[in-house]
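Inspection log for the structure reproduced underneath, given as structure tokens.
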Amino acid sequence: ITRICNQFPIVIYSNHTAVLLDEDCKDVDEEQLLHKAKERLQKNGTSLTDFGLIDMNSDDEDGGITGMHGYLITCHCRDILTFVSRKHEIENDSRARHSGLSDIDICLYGQKKRAR
């Protein structure tokens, strides 16, 4: 569990999925935060939901976020994001080295990663 600078509650799992919780959760204990995050994931984070990709690569000409190298995979719940590292995950994928991966391939990878 991590709390960002102004005590905004966020739970980050080992699969790089972050669940942002409501501001009214600021003062609850860690056990309650984990419970609320698990509920939100079960309700909204299934692999059957829609998804989107936020490109955070700083070397992209079309305006990536400076200093980041990867992608945030979204779902229909705006409070659930999964980070996919370009360097450690995408560039190590044999398909990416030979033929490149489309945005959809990256999103599907992020969905599978979130479901673990």
Practice problem: Please indicate, with yes or no, whether at least one residue in segment 65-73 is open to solvent by less than 70 Å² (accessible area, probe 1.4 Å), at pLDDT 80 or above, part of a loop (DSSP other than H, G, I, E, B) and out of contact with any helix residue (DSSP H, G or I) (no Cβ under 6 Å at 6 or more places or on another chain). | Solution: no
Quiz item: All but one of (1) assigned to a loop (DSSP other than H, G, I, E, B); (2) at pLDDT below 85 hold for Arg3; which doesn't?
Solution: (1)
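The values are calculated or read from the model by the stated rules, or taken from the named source; none is laboratory data. In this text, all values refer to a predicted model and were calculated from it rather than measured experimentally. So basically every Cβ, Gly included, is an ideal-geometry build from the backbone, and we count neighbours across all protein chains shown. Each accessible area value is taken on the protein alone, full model and side chains, heavy atoms only, with ligands, DNA and RNA left out. Shrake-Rupley method; radii C 1.70, N 1.55, O 1.52, S 1.80 Å.
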